[in-house]
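Written out below as structure tokens is the structure these notes cover.
Nothing in this text is a laboratory measurement; each read-out follows from the coordinates by a stated rule. Keep in mind that what you see is a predicted model, and the values were worked out from it rather than measured. Because the Cβ atoms are built from the backbone with ideal geometry, glycine has one as well, and the counts that use them run over all protein chains shown.
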Amino acid sequence: MEILELAWIFEWLNENLLVPIVGDGEFGILVRNLILACSVFGLLSLIALCLVWWERKVSAHIQQRFGPMMTGWHGILQTVADAVKLIQKEDIVPALADRKVFFWAPVICFVCAFAAYIVIPFGDGLIVSDLNVGILYIIAITTFTIISLMMAGWGSNNKYALLGGMRSAAQAVSYEVPMALSILGVVMVTGSMSMQEIVKAQSAWYGFHWNIFFQPLGFVIYVIAATAEANRTPFDLPEAEQELVAGFNIEYSGMKFAMFFLAEFVNMFTVSAIATTVFLGGWNGPWLPSWFWFLIKTLGMVFLFMVFRWTYPRLRVDQLMEFAWKVLLPLAFLNILWVGLYEEVFSKW
Amino acid sequence: MANKLHLETMQINMGPHHPSTHGVCRLILTIDGENIVECVPDIGFLHRSIEKICENRTYAQCIPMMDRFEYVTSMMCNWGFALATEKLTDLVVPERAEYLRVIMGELNRIASHLLCIGVTGLDLGALTPFLYTFREREDILDLFEMTCGQRLTYNYIRIGGVSRDIPPEFFPKCKEFLDKFGEKCDDYEKVLTENPIWIARNRNVGVITEQMVYDYAVSGPSARASGVNFDIRKHDPYSIYDRFDFKVPVFYGGDCYDRYRARMAEMRQSASIVRQALDQMPEGDVRCKVSPKFKPKVGEVYSRVENSRGEMGFHIISDGTVKPFRVRARGGSYNHLLVTPEIVRGLKIADLVAIFASLDIIMPEIDR
């Protein structure tokens, strides 16, 4: 199975191809980073495209439909067709929009969604940069998405978009807190914020020493907060179709809309990847290559989020706030208390 | 420096092309953040002057116009107009036709309630129940297509009977549908009735008190959800409704949740009525002889039927010619739209969507 691990391929390529050509000076590092960035970007774009198709299929089968069937095998090329259509669309900017804010909002949203992948471990050794504050970095960078949503809401100069932007700001502020607190429990156990360290700490029991078994409450809180973070039903208030028509992205068309759309799916994959890394043992697992385990677990989480979306109604904005502050936050504190007790008392027996 | 926050309300146009105004209704909302301060409905975007057009047509030609008057329950509109005209002319409708009318009317009621429940789900963000209810609605529309060739504007119930008899394959198909319908209703209940988010969104939202029901003439399931036990089929029976055994479900909350439950319970009762009608149906003619250019007596008549949205009444004034002198129709939605600003004050925009859906307001009935 060693041969299926991908890390050695990158190392081999680096040593035999890149170092001889560009050297390992400053220029060499720059070229290498560029190649890394491009490969991560390409991979994630591909994943996002597949997720769009998958979500359509999941929703269709939940609703007793077929979903796309005409473009390719079971409509697998549907997303490509959509992308081609969106590229061809005219890029409309409302006359009274704040042009700069309007332009930069999707860009920031897009960049932040992808920037989180710098510290996500795709497999054993498959990580762009193992920052020692990895998890903190992810929480920080995903929060930036909210700024872009607010910019979109404000810059569009549309009342519905403004309401959507304001909702997203309120929602983010509320749900960041329990989310960070639920991850804090894991950081307490691991003693490190590096993503690789967190994964390695769960490698006992043949790769099944997962944090979810010791902190089930923390996992539940994380999943709920992550659903809100990724703006998905039952917490998709910023883009509530039936109330705000489309919320913050109401005025966007063409490629700018596609960027928001793609970022949404990348975000969903991000929160699933974090859940996998932090609670589900990351790439740990027997027999299969590590990246395969990571992918299975992450896609399982994505599937869970999709099922949420297609089976639940949406909460109201005040209920959403109440739930975050009155239910999730106390539970998150309870989780931390439990982790502390466990570490101090039970694990020493 | 005066350190005082300057707060303003915002005016926002909900509609005429907004996904949850069920047609082309424009609501002028004054909002304070997410809270609604004032809601002013603006109607008339779908006005087709159906009542005026009827004055230039013979009575028989008016029936297709009635299909368009309220296209979700066309059968009941046909029926209401036919009933009023028959009252004017003293026509005796054949027995079998009466049974067919009841079957079609009740199936149409189920189809309409299915639409309402599905759309309420859609408006609250639950996208899946909509497809489930439309699956059953599809079966009903197939039955209608089998009977009269149309799926939306039926033109089936005519003056003096119905346009044609049902085909023989209608009976097994309809029985099959009724047999599985109970189970499907249980499915909806599983997805919606006990869902905590659904309850949180609907319970105590948009409460219509019993007094408001009288003040605004709210009718139909919306009135029965507020504790008013009034159903025209039971308390002022028309056609042959006195022959069937059915209950009038009454709830006392007056909120969106009870309106939803009233519709749910009513669908089961309608299914039972259809079953009884299928069992009792006699053989015979489906239409009495009536000239297409008949002339009713001089006079004036008001007759009403229980539509899925409330009382649907037709007021016809006849001057003894082939054309009606004046036709006036009354639908439940208009009164429901009037009561909306009253109950929506101080609630959130999301609540307005829930209320609008639960009152089952559709625009063609209001604009006519």
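Taking the Cα centre of region B:10-366 as reference, the dipole from Cβ charges on Lys and Arg (+1) and Asp and Glu (-1) amounts to some 920 debye. Report the far tail of the P(r) of the protein assembly as shown, meaning the percent of Cα-Cα pairs longer than 38 Å. Percent of Cα pairs beyond 38 Å in the protein assembly as shown: 48. Under a model in which nothing but the beta-carbon of Lys, Arg (+1) and Asp, Glu (-1) is charged, the protein assembly as shown shows a dipole of about 1940 debye around its Cα centre. With loop membership from DSSP and a limit of 13 other Cβ atoms within 10 Å, the longest segment of chain B without GluC sites (Glu not before Pro) is B:9-168. By the count of neighbouring beta-carbon atoms within 10 Å, fewest first, A:ILE127, A:ILE198 end up ordered A:ILE127, A:ILE198. Answer with one residue from B:ALA200, B:VAL327, B:VAL72: the one whose Cα lies farthest towards the positive end of the charge dipole of region B:10-366, charges on Cβ with Lys, Arg +1 and Asp, Glu -1. Projecting each Cα onto the dipole axis, the largest value belongs to B:VAL327.
Ordering B:THR85, B:PHE181, B:THR9 by the projection of their Cα atoms onto the charge dipole of chain B, which places +1 on the Cβ of Lys and Arg and -1 on the Cβ of Asp and Glu, puts B:THR85 at the extreme positive end. Summarising the overall dimensions of chain A from its C-alpha atoms, the Rg and Dmax are 21.0, 69 angstrom. As an equivalent ellipsoid, region A:246-349 spans semi-axes of 32, 25, 11 angstrom, where each value is the square root of five times an eigenvalue of the C-alpha gyration tensor, largest first. Think of chain B as a dipole: +1 on every Lys or Arg Cβ, -1 on every Asp or Glu Cβ, centred on the Cα centre; then among B:THR120, B:PRO296, B:VAL339, B:PRO296 lies furthest on the positive end.
To the nearest 0.05, how large is the calculated FRET efficiency for B:VAL40 and A:PHE213 if R₀ is 45 Å and r is the Cβ-Cβ distance?
That gives a FRET efficiency of 0.20.
For chain A, a crude dipole built from +1 on the beta carbon of Lys and Arg and -1 on the beta carbon of Asp and Glu, taken about the Cα centre, is about 880 debye to the nearest 20. With the simple model of a label 7 Å out from the Cα in the direction of the Cβ, A:ASN132 to A:VAL80 spans 4.6 nm.
For chain B, what is the calculated [θ] at 222 nm in deg cm²/dmol (nearest 500), taking -39500 (n - 2.57) for each run of four or more DSSP H residues and dividing by its residue count? Mean residue ellipticity, 222 nm, calculated: -15000 deg cm²/dmol. Computed across region A:8-156, the Kirkwood radius stands at 18.8 Å (inverse of mean 1/r, all Cα pairs). Annotation: extensible slack from A:VAL107 through A:VAL173 equals 21.6 nm (criterion: 0.36 nm per residue apart, minus Cα-Cα distance).
In a fully extended conformation the segment linking A:GLU344 and A:THR143 would gain 69.1 nm over its present Cα-Cα distance, using 0.36 nm per residue.
Here the Karplus curve 6.51 cos²θ - 1.76 cosθ + 1.60, taken at θ = phi - 60°, turns the phi angles of region B:71-85 into couplings of 6, 7, 10, 4, 3, 5, 5, 3, 4, x, 5, 4, 4, 5, 5 Hz, with x standing for Gly and Pro. The angle between the Cα long axis of helix B:59-69 and the longest principal axis of the Cα atoms of chain B comes to about 20 degrees, rounded to the nearest 10. Under DSSP H, which helices of chain A have Cα atoms covering 30 Å or more of the helix axis and a Kyte-Doolittle average no less than 1.6? Result, helices passing both filters: A:134-155.
Between helix B:95-123 and chain B there is an angle of about 20 degrees, using the helix long axis and the longest principal axis of the Cα atoms. With both labels modelled 7 Å from their Cα along Cα-to-Cβ, the A:VAL93 to B:GLN61 distance reads 5.7 nm. For the residue pairs A:LYS297/B:LYS180; A:LYS326/B:LYS348; A:LYS326/B:LYS184; A:LYS159/A:LYS326; A:LYS89/B:LYS348, alpha carbon separations beyond 27 Å are given by A:LYS297/B:LYS180; A:LYS326/B:LYS184; A:LYS159/A:LYS326; A:LYS89/B:LYS348.
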